[in-house]
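So the structure is just underneath, and the comments pick up after that.
The values are calculated or read from the model by the stated rules, or taken from the named source; none is laboratory data. The structure displayed is predicted, hence computed values, not measured ones. We place every Cβ from the backbone using ideal geometry, glycine too, and count neighbours over all the protein chains shown. To get the accessible areas, we keep the full protein, side chains included, count just its heavy atoms, and leave off ligands, DNA and RNA. Shrake-Rupley method; radii C 1.70, N 1.55, O 1.52, S 1.80 Å.
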Amino acid sequence: MGSSGAGKTTLMDVLSLRKSGGEITGEVRVNGHLQEPNSFRRCTGYVEQFDTQSPQLTIRETVRFSAKLRLDENDPTVTDESIDRFVTQNLKLLELDLIEDFQVGSDIEGGLSFEQRKRLSIA
């Protein structure tokens, strides 16, 4: 992909609409169409290199908190039950369901492995 300092993170930040400083030129196309910011943000997720999670929460609590932030609370189909189904589905998909009651923990105190933390960030 490129050596350190080659601009990989900057490129990802520009593509994901997270870069606001500096000079950005050109256009971003998704499947041949100009990138439409609102729909692009709705249908994609971006996990930064070093994501921060609350060490006191369990895996399930972390995913539920994230779901409540992401889902539209004005949508009548978004209920506590639908959120729980969504969380359960994602935990299974990312193979975190067997450890969903584990605390996230921290590097100092112990807790999830690096790989488990990455999958939790994706959830």
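Tabulated data
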item	result
Given the chain, longest segment not containing exposed loop trypsin sites (Lys or Arg not before Pro) (DSSP; at most 15 other Cβ within 10 Å)	20-123
The stretch 1-91: GluC sites (Glu not before Pro) in DSSP loop, at most 10 other beta carbons within 10 Å	E23, E27, E73
Accessible area of D84 in the full protein assembly, 1.4 Å probe (Å², nearest 10)	60
Candidate aspartates and glutamates - alpha carbon under 15 Å from K8, same-chain residues fewer than 8 apart omitted	E48
Euclidean distance of C-alpha centroids, the stretch 1-40 and the stretch 46-96, integer Å	26
Per residue solvent-accessible surface (Å²) - the stretch 6-74, probe of 1.4 Å	80
Protein accessible area in the chain, 1.4 Å probe - carbon and sulfur %	52
Given [x] 38, 17, 15; [y] 29, 22, 12; [z] 28, 16, 13, the label whose value is semi-axes √(5λ) of the Cα gyration tensor in Å derived from this model	[y]
Top positive-direction residue, dipole computed over the stretch 5-80 with Cβ charges, set G7, G22, G32	G7
Span-rule helices in the chain, defined as complete DSSP H runs reaching 15 Å or more along the axis (Cα) with Kyte mean at least -1.0	59-70, 80-93
